[in-house]
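The values are calculated or read from the model by the stated rules, or taken from the named source; none is laboratory data. Quick caveat: nothing in here was measured; it's all calculated off a predicted structure. Methodologically, a virtual Cβ is constructed for each residue, glycine included, from the backbone with ideal geometry; neighbour enumeration extends over all protein chains shown.
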Amino acid sequence: MSDNTMTSDKHGAPMNQQSVVRLLRNNGGIVALLIILAFNALFTPNFLQVQTLFVNISQVATIAIVAIGMTVVIATAGIDLSVGAVMALAGALAPLIFQSEFGTAYPVLGLIIAFAVPLLVAALCGLFNGVLISYLNVQPIITTLILFISGRGIAQVLTNGNLQTFSNPSFSYIGTGKILGLPFQGWLALLLACIVYWIVTRTIFGRYLLAVGGNERAAKLSGAPVRTVKIGAYVICAFLSGIAGLIVVAINSASDAARNGNLMELDAIAAAVVGGALLQGGRAPIFGAILGAVIIQLVKYTLLANGVEDEVALIAKAMIIVLAVYVQQARKE
Amino acid sequence: MPGTDAFDLRRYLRNDTRSAGVWIALVALILFGLARYENFGGAYNIVSFLNYNSLFIIISIGMCFVIMTGGIDLSVGSVAAFTSVVAAYLSPYGLEVALPGGVLAGIAFGAINAFCIIAMRIPPFIATLATMLAAKGGALVISGAQTISVDWGSNFTKLGMEKAFNILPWSIVIVALVAVALWIVLEHTSLGRTVLAIGGSEDASNLMGLKVTRAKAFVYLLSGGCAGLAGVFLASGFGAGQPLEGIGWELSAIASVVVGGTLLTGGLGSVPATVAGALLLGLVFNVLNFENGRGTISLSAYWQMVIRGGFLFVVILLQTRIGPSQKEVG
């Protein structure tokens, strides 16, 4: 029980020492963000333009949405490597549905199903992960490795490895639409963050989630439905990954099962960790994940805009992940 | 300490029954293949099968040591891709330079993993995930994102293409030697025993004064070196350094290790059973290829990934059914 309250204090009510630490940690992310912004303003040509903002928001949204889900999973001391594969799977299903005979005959119903079925399948992937992890006690890394590889395989089998191109303005709205002049998916990411934040801080599920991550045994002994909570976390993560997969497909007006969500698990883990998630569990800084996603996106953009090759950017990303985790480990000790 | 001995004995008996499963499955699948396909037992199939799977066997053995300590190495695939490029670049200097060069490059990545995990105390899967990324990036950078053709004039391609004493490919001979050496290390040296002890309980191993740090560093260096060797085989066997290869290899290796009865939480494992596991996984694909050839089924290359994941899934299901629960051991 004491652990339970401790974890909730970390997240909720401010306490002297903890709030100082938290302030530092939050500022750490923001300081990093400000440095990147300043660097770009000085050195990157055409950085301070609406177009740049636009591009970055439309790209950061998918990272942010997946990172929110990853944060929820990491809060249970778990990890989900299958997010990218789930994106590919959801992204492959949608065009298959609205381009099918049925989908073209009944466009409206077809569109609804083209959203509903991929997201349902994504949620089922999360259920698969969650059940294996909580009922069979298989490590999350190993469990999610199964879908990490075969999820994308299934997506490629479904599409026969072909690029599916389409023209469907109503579907593409989620990737190309604008609200108040800014990309739709940016708003969607914010909305989803608010919803998940509400779930984590204001519902019983959220309390249990942090308790399970803080100390699983204590949570179990105090009557928390540990298994259900873990399954819930993986379902949320997979569902959000499904949404991100659909957005990527909508942005491109094409679905490529080989590329959709490729390496997304790394971006999402990096964003979650940079945003303050502890790999040992017990914390779920949802808006931190958004901050982390923005930092990751800006690092990518900075490297790209300054002519650094993609391959070198991979190495840079690897170093960011290691550093972020290292700093957190050091703080914890 | 009679109590501990009795406990260990029980474990080993259990271990044997777990390993028995993979040997039985292996023999059954071989018999099935022999009965069903004409060319299955032919020299060509056997040699090409062993040659191709020597890559996975060697990576699986390295992975087995890492998993026995309760760790994981997700970087093996891209490290192998990286070292295949290194070996291709070194191939003009001959096998005697390219082989150690490739292995050393792999060990270097293993050293990065060991440093991150031991000194920086970063969880193994994060550290090796980052190395996976770095090795992939590195391979693309040094190769300019091109496959690098090896020097056909030197003796480098002998390794993957010619046979030792006209019987077996060199690659499989080397893998067999390495496997036997590591088997002895695991079963008969204090280093090997420490590896298993760490997986049983790292804290207890520390308290008992075992050289935990040394053993942990060893397994990651070993896994890197094994991946390095696999990369050399890759370059030699296919005549090119391939920066984009290695995707999903870590999964194959993990599956092979687990099907060999090694507990994912560490503390239990066997080198021969891991080799059997790698052979079994390879044989599943071999049999599927034959079925494809007969036209009874038609599976595209994409099915390979699905089957690989499915195989791991089945293995995990079996392990949780037969074996002690992970909590009991962990």
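Worth pointing out:
- Hits in region B:150-168 - residues which are in a loop (DSSP other than H, G, I, E, B) and either surrounded by 14 or more Cβ atoms within 10 Å (Cβ to Cβ) or touching a residue at least 24 places away in the same chain (Cβ under 8 Å) (or both): B:VAL150, B:ASP151, B:TRP152, B:GLY153, B:SER154
- Selection within region B:245-262: residues that are of a type outside the set (Gly, Ala, Ser) and within 11 Å of another protein chain (Cβ to nearest Cβ). The member of this set that is farthest from B:ALA20 (Cα to Cα) is B:ILE247.
- Selection within region B:116-130: residues that are among the aliphatic types (A, V, I, L, M) and surrounded by fewer than 16 Cβ atoms within 10 Å (Cβ to Cβ). The member of this set that is farthest from the other protein chains (Cβ to nearest Cβ) is B:ALA119.
- The sole residue among B:ILE198, B:ILE184 that is farther than 17 Å from B:MET63 by Cβ, assigned to a helix (DSSP H, G or I) and over 15 Å from the mean Cα position of the chain (by Cα) is B:ILE184.
- Number of positions in region A:76-113 that are closer than 30 Å to A:ILE321 by Cα, touching a Pro at 6+ places or on another chain (Cβ under 9 Å) and not hydroxyl-bearing (Ser, Thr, Tyr): 9
- Checked against the criterion of being within 14 Å of chain B (Cβ to nearest Cβ), within 24 Å of A:LEU192 (Cα to Cα), surrounded by fewer than 24 Cβ atoms within 10 Å (Cβ to Cβ) and over 13 Å from the mean Cα position of the chain (by Cα), the candidates A:LYS317, A:LYS300 yield just one match: A:LYS300.
- Identification of helices (runs of 4 or more DSSP H) wholly contained in region B:1-110 with 3 or more residues that are at pLDDT 90 or above and within 21 Å of B:VAL178 (Cβ to Cβ) yields B:43-68, B:76-90.
- All of B:LEU288, B:LEU299 fail the test of being closer than 24 Å to B:ILE24 by Cβ, without any contact (Cβ under 8 Å) to a residue 60 or more places away in the chain and aliphatic (A, V, I, L, M), apart from B:LEU288.
- Checking each residue in region B:279-306 for being of a type in the set (S, T, N, Q) and not in a helix (DSSP H, G or I) picks out B:THR296, B:SER298, B:SER300.
- Scanning region B:131-157 for residues that are within 12 Å of chain A (Cβ to nearest Cβ) and modelled with pLDDT under 85 gives a single hit, B:ALA145.
- As for region B:217-227, it holds at least one residue that is assigned to a helix (DSSP H, G or I), modelled with pLDDT of 90 or more, buried (at least 23 other Cβ atoms within 10 Å of the Cβ) and among the aromatic types (Phe, Trp, Tyr).
- Residue ID - surrounded by the most Cβ atoms within 10 Å (Cβ to Cβ), chosen from residues in region A:153-185 that are among the small types (Gly, Ala, Ser) and more than 14 Å from chain B (Cβ to nearest Cβ): A:GLY175
- Failed criterion for A:SER255 (all others in (1) surrounded by fewer than 20 Cβ atoms within 10 Å (Cβ to Cβ); (2) touching a strand residue (DSSP E or B) at 6+ places or on another chain (Cβ under 8 Å); (3) not charged (D, E, K, R) hold): (1)
- Filtered residues of region A:133-152 (kept if without any contact (Cβ under 8 Å) to a residue 60 or more places away in the chain and at the interface with chain B (Cβ under 7 Å from one of its Cβ atoms)): A:LEU136, A:ASN137, A:VAL138, A:GLN139, A:ILE142
Matching residues to (1) over 17 Å from A:LEU182 (Cα atoms); (2) surrounded by fewer than 19 Cβ atoms within 10 Å (Cβ to Cβ); (3) among the basic types (Lys, Arg):
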residue	(1), (2), (3)
A:ILE36	yes, yes, no
A:LEU48	no, yes, no
A:MET70	yes, no, no
A:ILE74	yes, no, no
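- Breaking point among (1) within 23 Å of B:ALA127 (Cβ to Cβ); (2) surrounded by fewer than 19 Cβ atoms within 10 Å (Cβ to Cβ); (3) small (Gly, Ala, Ser), for A:GLY78: (2)
- Tallying residues that are part of a loop (DSSP other than H, G, I, E, B) and either more than 14 Å from the chain's Cα centre (by Cα) or free of Cβ contacts under 8 Å to residues at least 24 places away in the same chain (or both) within region B:238-260 yields 5.
- Check on B:THR128, in contact with a Ser or Thr (Cβ under 7 Å, 6 or more places away or on another chain), modelled with pLDDT of 90 or more and within 26 Å of B:GLY282 (Cα to Cα): yes
- Residue match in region B:299-316 (condition: more than 12 Å from chain A (Cβ to nearest Cβ) and over 30 Å from B:ARG193 (Cα atoms)): no
- As a summary of the residue check, B:GLU96 satisfies the conditions (1) touching a residue at least 12 places away in the same chain (Cβ under 8 Å); (2) at negative phi; (3) of a type outside the set (A, V, I, L, M, F, W, C) except for the one numbered (1).
- B:VAL27 satisfies every condition listed in (1) without any contact (Cβ under 8 Å) to a residue 60 or more places away in the chain; (2) under 17 Å from the mean Cα position of the chain (by Cα); (3) over 24 Å from B:VAL232 (Cα atoms) except (2).
- The residues listed here are A:GLY214, A:GLY281, A:GLY276; of these, the one that is within 14 Å of chain B (Cβ to nearest Cβ), within 29 Å of B:MET120 (Cα to Cα) and in contact with a Gly (Cβ under 7 Å, 6 or more places away or on another chain) is A:GLY281.
- Being of a type in the set (Ser, Thr, Tyr) and either out of contact with any strand residue (DSSP E or B) (no Cβ under 6 Å at 6 or more places or on another chain) or buried (at least 21 other Cβ atoms within 10 Å of the Cβ) (or both) is a property that does not hold for B:THR147.
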